[in-house]
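The values are calculated or read from the model by the stated rules, or taken from the named source; none is laboratory data. Being a predicted model, the structure only gives us computed values, none of them experimental. For neighbour counting, all protein chains shown are included, and Cβ atoms are generated from backbone atoms with ideal geometry for every residue, glycine included. These area figures cover heavy atoms from the full protein model, side chains too; ligands, DNA and RNA do not enter into them. Shrake-Rupley method; radii C 1.70, N 1.55, O 1.52, S 1.80 Å.
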Amino acid sequence: MIAMMFLSATFLINGAKEGFKKVDIKLEKVARTLGASPLKVFFAISIPNAKKEIVNGCLMMWGRGLGEFGAVIILVYHPMTAPVLIYDRFTSFGLSYSAPVAAVMIILSIMVFLSVRFVNNRLR
């Protein structure tokens, strides 16, 4: 998990950075003049306004981590993640045994991606 997070954290960081760039500085300054602390401004103004990009960055990070093969196969072989299971089945039994696992992972990934997009658009 740590290796996958380390390799894919840049997607989350870049997404959050772009989201925070889009936050209007005037909103933050108005909140400060009305007596809000910097921490309160961050949680009440900055994060809600950058939420869409943060969620998109999390989704990209998850997708990149899900498909990570190199770090997992080098560091640990068990417990098997989906890419390692597909690789193991392919090298042991061939394409006919690895294709169903790959198909299930593709379907699950599409379902998660679409549900996160749907919830993210509904909350806007």
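Quick look at the values:
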{"read-out": "Identity of the residue in the range 8-31, small (Gly, Ala, Ser) and farther than 27 Å from Phe69 by Cβ, that ends up nearest to the chain's Cα centre (by Cα)", "value": "Gly19"}
{"read-out": "Qualifying helices (runs of 4 or more DSSP H) (wholly inside the range 1-73; at least 2 residues being modelled with pLDDT under 95 and crowded, with 18+ Cβ neighbours inside 10 Å)", "value": "2-22, 47-66"}
{"read-out": "Residue count for the range 79-120, restricted to those that are open to solvent by 80 Å² or more (accessible area, probe 1.4 Å), touching a helix residue (DSSP H, G or I) at 6+ places or on another chain (Cβ under 6 Å) and among the small types (Gly, Ala, Ser)", "value": "0"}
